[in-house]
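Notes follow the structure.
Coordinate-derived values only; no laboratory data. Small disclaimer: the values here were computed from a predicted structure and weren't measured. Counting neighbours? That spans all protein chains shown, and the Cβs are built from the backbone with ideal geometry, glycine included.
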Amino acid sequence: MAVLNIRVLPDPILRQKAKKVPRVDKSIQQLIDDMVETMRAVSGVGLAAPQVGVPLRVAVIEIPGGDEIITLVNPEVVKKEGERVIGEACLSVPGYQGEIKRSVWVKVKAQDRLGRKIRLKGEELLAQALEHEIDHLDGLLYVDRLDGPDKLRKAVPESEQEGL
């Protein structure tokens, strides 16, 4: 496994729509392992493949206090409900955080690290992480969801925040 470099704005790969993974094979599983190691090395909650320079629809999420790593290959939000205003940060936009609207809960379909079809429902931080990482796969960043420039501010020191 390896810790990969995280791409930051204005890197153009962050603005590209990631390509669908045609088949989950050993190279995708290695990418997933490297992404998990990278996410943990920087104390992130989630990481999408474009953030490490790979334009594929792959993301990993590990909720603090959770008992598993969620691996998403070719994820799609199939349903969402509610709306809440929350603070959000991103490993690819270091030093800033913003106030945006996210769903109260989301339902996602995807494949796992073995290529099996999965569905999962997320609330609270998991819902936020699912939407955030899937946005990355669509070339969107949380700063694109700000209601205005006054909703973006300098972040508290990185040692005191969780990045998605």
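Choose one of Gly53, Tyr96, Leu152: the residue whose Cα lies farthest towards the positive end of the charge dipole of the chain (beta-carbon charges +1 Lys, Arg; -1 Asp, Glu; about the Cα centre). It is Gly53. Taking a ≥ b ≥ c as the square roots of the eigenvalues of the alpha-carbon gyration tensor, segment 1-104 is classed rounded because a/c is under 1.5. Taking every C-alpha pair closer than 8 Å and separated by at least 6 residues, the mean separation divided by the residue count of the chain gives a relative contact order of 26 percent. Our estimate of slack between Lys117 and Leu140, defined as 0.36 nm per intervening residue step minus the Cα-Cα distance, is 5.8 nm. A cut-off under 10 angstrom between Cβ atoms defines the neighbours of Pro55, and their net charge, with Lys, Arg +1 and Asp, Glu -1, is +3.
For Lys19, the aspartates and glutamates whose Cα falls under 15 Å of its own Cα, not counting residues fewer than eight places away in the same chain, are Glu76, Glu133, Asp135, Asp138. Based on the alpha-carbon gyration tensor of segment 51-164 and its eigenvalue square roots a ≥ b ≥ c, which shape applies: rounded if a/c is under 1.5, prolate if not and a/b is larger than b/c, or oblate? Here segment 51-164 falls in the prolate category. Against the main long axis of the alpha-carbon atoms of the chain, helix 26-41 sits at an angle near 30°. Counted residue by residue at 0.36 nm each, then reduced by the alpha carbon distance between them, the extension gain from Gln16 to Lys109 reaches 31.3 nm.
Per-residue ellipticity at 222 nm, computed for the chain from helices alone with -39500 (n - 2.57) per DSSP H run of at least four residues, works out to -6000 deg cm²/dmol. In degrees from 0 to 90, rounded to the nearest 10, what is the angle of the helix 124-137 Cα long axis to the longest principal axis of the chain? So the helix axis and the longest Cα principal axis differ by about 70 degrees.
If you take the square roots of the eigenvalues of the alpha-carbon gyration tensor of segment 1-53 and sort them as a ≥ b ≥ c, do you get rounded (a/c under 1.5), prolate (a/b over b/c) or oblate? Because a/c hits 1.5 or more and a/b fails to exceed b/c, segment 1-53 counts as oblate. Pairs from the table (Lys17/Lys117; Lys17/Lys154; Lys121/Lys154; Lys26/Lys80) lying more than 25 angstrom apart at Cα are Lys17/Lys154; Lys121/Lys154; Lys26/Lys80.
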